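Student: Have a look at the structure that comes next, please.
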Amino acid sequence: MPLDLVILGAPGAGKGTQAKKIVAETGVAHIGTGDILRSAIAEQTPLGEEVQGVYDRGALVSDELMTHLMRARLALEDAAAGAVLDGFPRTCAQAERLDAVLAELDRRLAVAIDVHIRDEVAIERMLARASAEGRRDDVPEIMRRRLDVYHRETEPLIGYYRGRGILEVVDGDRPQEEVFADIRRALPYGNGRPS
Ligand code: AMP
């Protein structure tokens with residue numbers, strides 16, 4: 001049975017870092033929508049040209065485009081055993097469409113992990129990442145906007161998944177390994193490995 005899971009959290013929560021650890025542990029594919037968009041922008045593909053303005057403003061790319069991307073990505077061979085979705089869904093509409101896309105593949109989400117951090121920590125982490133990685137949207141006014149977008153558009157998904165009974169909340173303001181230890185316990189396999 002494929003293992004599909006979602007990681008939620010404010011920008012800077014460490015979703016990408018934790019997603020990589022989950023991949024190392026379980027062997028599922030890592031689908032980071034921000035990474036996909038950043039490569040498209042860097043390579044100046046038609047997708048990159050379409051999303052660049054929205055990305056640079058710290059706004060959200062349309063639900064239609066993101067769902068289309070996700071449907072195509074989940075159908076690739078490397079995601080046949082499941083995927084960690086890092087950065088998708090980001091709106092309730094995307095969450096509903098994700099359910100439909102997974103249902104088309106005869107799959108359903110196993111767990112949604114909310115990596116929780118305070119806004120001050122989110123800003124500190126984005127500032128640190130800006131000097132380490134130079135991400136083009138890690139600039140102070142855009143960071144604030146991305147955080148606002150997170151609270152307004154994405155945070156409601158916590159209630160959505162809680163209502164479905166698949167939400168796990170972990171405290172993200174701790175060293176990476178401690179955060180991952182909690183995530184590992186939240187994986188449906190218990191010890192993190194398929195039996
Ligand atoms: P991230 O790397 O996940 O923080 O995403 C960086 C940026 O990519 C966001 O600020 C959005 O502009 C865009 N983006 C990534 N994932 C999505 C999504 N699921 N829906 C809309 N926009 C997205």
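Every read-out reported here was derived from the displayed coordinates using simple, explicitly stated rules and does not represent laboratory data. What you see is a predicted model, and the numbers here were worked out from it, not measured in a lab. Glycine gets a Cβ as well: all are built from the backbone with ideal geometry, and neighbour counts include every protein chain shown.
Student: Using the count of nearby Cβ atoms within 10 Å as a rough guide to exposure, how do Glu43, Glu25 rank from fewest to most?
Tutor: Glu43, Glu25
Student: Sequence-distant or interchain residues sharing an amide H contact under 5 Å with Val169, placed H: which?
Tutor: Residues meeting the criterion, in which the H sits 1.01 Å from N, are Asp114.
Student: I've got another one for you. Counting Lys and Arg as +1 and Asp and Glu as -1, what is the net charge of the other residues whose Cβ lies under 13 Å from the Cβ of Tyr160?
Tutor: -1
Student: Another question about this same structure. Principal axis extents for the chain, Cα atoms only, whole Å, descending order, please.
Tutor: Projected onto the principal axes, the Cα atoms of the chain cover 45, 37, 29 Å.
Student: Across all directions of projection, what mean area in square nanometres is found for the Cα convex hull of segment 1-98?
Tutor: Computed as one quarter of the Cα hull surface, the answer is 6.4 nm².
Student: If you take the Cα atoms of segment 23-77, find Rg, then find the Kirkwood Rh from the mean of 1/r over all pairs, what is Rg/Rh?
Tutor: Taking Rg over the Kirkwood Rh, I get 1.02.
Student: Quick check for me: using +1 on Lys/Arg Cβ and -1 on Asp/Glu Cβ, what's the dipole size of the chain about its Cα centre, in debye to the nearest 20?
Tutor: So the dipole magnitude of the chain works out to roughly 280 debye.
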